[in-house]
């Protein structure tokens, strides 16, 4: 009987599409983490601490300009592509509209970067000349937005397995190009390598895209004001988050430096980066599977969320437990023995991340239903609680207090989302 029960459990796992996608996606995330370790070690070896600091500044600038050029439309594209995939004519109109928006916005950003490259360089890198790098970024900006939109359309249309293959290819290509350019051209090469990431993504897309999908729909006569207005809502949501949370993060980091010193801020940053790496496993599944499903016309919020909680969350908990047990090894793998004081942050940070991913699944419904007010309200709540609790607990309990505040913030955020979606989660009957 026990063997039969085990076989039944095993067969259920194999037949669960979300778990199968999760296992396949975990291969992609593992490759990303390995590539990240190799790249980090190479950058540290070739550039040293000062060069690494420049790379960090440029990476933030690169992410900001790319997000602004794409107007934060990625989740909006996923939402409407999923909704319109059974209506080819409407889908064609939507794709053309989104592409025209992307072309216009990216060309504007490209002109801005090119014309003000010297001004940007002086403000970002007062002691170095990376003017050429910024001009290269300007030239690549339309390609970057095209690549971002292409991947978002594939995501919305349900090509999750293709996206995982694309990501695996990207991680490997990006690591190779970044290391080679850094070896030959030092810091300038590293910055150019970062700028090329979406070009490499586009190459990967063209290698692994489904044959049935044609993306190149750009027609000046096919533009929908209706879809334009709908997509603007996603721009508001994304730009709001892009401004709010980096600002809160800067304030918290400054407080840590003032209270506890730069080393403590380094330990905090190390924990944050490790957290971002292991969160990829679950958060990428939300983008790949949960958001497209919630965006479909007759989606069942309750069953989609509970399916994720029952199938993926237990695996995530096991993963968090393993990470906690191996925390000393993980810190030395990513960094060095100098960062071992970071271990004191793992307990509350990992528990906080459990509630964080639980909340992300629920918050995906804001994007699926274009609920701008709900999204901004809950994000403001999270940011306010995070800032106030972190400042208070840092002053009372040191760096561990900051980690405890991280847990409190995401626990209360999760509770708030439960309250917001209580009717959909507990009162509505799931569709069979």
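The values are calculated or read from the model by the stated rules, or taken from the named source; none is laboratory data. The shown structure was predicted, so the numbers you read here are calculated from the model rather than taken from an experiment. Because the Cβ atoms are built from the backbone with ideal geometry, glycine has one as well, and the counts that use them run over all protein chains shown.
Taking the numbered list (1) more than 24 Å from residue 243 (Cβ to Cβ); (2) in contact with a helix residue (DSSP H, G or I) (Cβ under 9 Å, 6 or more places away or on another chain) in turn, residue 329 passes all entries but (2). Among the residues of region 98-141, which ones are touching a helix residue (DSSP H, G or I) at 6+ places or on another chain (Cβ under 6 Å), under 26 Å from residue 234 (Cα atoms) and in contact (Cβ under 8 Å) with a residue 60 or more places away in the chain? 98, 137, 141 - these are the residues of region 98-141 that are touching a helix residue (DSSP H, G or I) at 6+ places or on another chain (Cβ under 6 Å), under 26 Å from residue 234 (Cα atoms) and in contact (Cβ under 8 Å) with a residue 60 or more places away in the chain.
When you check residue 282 against the structure, is it over 17 Å from the mean Cα position of the chain (by Cα) and in the same structural domain as residue 352 (by TED's automatic domain parsing), yes or no? Here the answer is no, as residue 282 does not meet what is asked.
Where helices (runs of 4 or more DSSP H) fall wholly inside region 289-396, the ranges with 1 or more residues that are surrounded by fewer than 16 Cβ atoms within 10 Å (Cβ to Cβ) are 301-311, 313-325, 327-334, 346-368.
So, residue 211, is that one farther than 30 Å from residue 164 by Cβ and either touching a helix residue (DSSP H, G or I) at 6+ places or on another chain (Cβ under 9 Å) or at pLDDT below 80 (or both) or not? For residue 211, the condition - farther than 30 Å from residue 164 by Cβ and either touching a helix residue (DSSP H, G or I) at 6+ places or on another chain (Cβ under 9 Å) or at pLDDT below 80 (or both) - is not met.
Yes/no matrix, rows are residues, columns are (1) farther than 21 Å from residue 150 by Cβ; (2) more than 21 Å from the chain's Cα centre (by Cα):
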residue	(1), (2)
26	yes, no
38	yes, no
71	no, no
93	no, yes
96	no, yes
107	no, yes
123	yes, yes
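In the set (1) buried (at least 16 other Cβ atoms within 10 Å of the Cβ); (2) modelled with pLDDT of 80 or more; (3) within 21 Å of residue 145 (Cβ to Cβ), residue 206 fails one condition alone, (1). Inspection of region 344-351 identifies no residue that is closer than 28 Å to residue 156 by Cβ, touching a helix residue (DSSP H, G or I) at 6+ places or on another chain (Cβ under 8 Å) and modelled with pLDDT of 90 or more. In the set (1) surrounded by fewer than 20 Cβ atoms within 10 Å (Cβ to Cβ); (2) within 23 Å of the chain's Cα centre (by Cα); (3) farther than 22 Å from residue 258 by Cβ, the condition left unmet by residue 407 is number (1).
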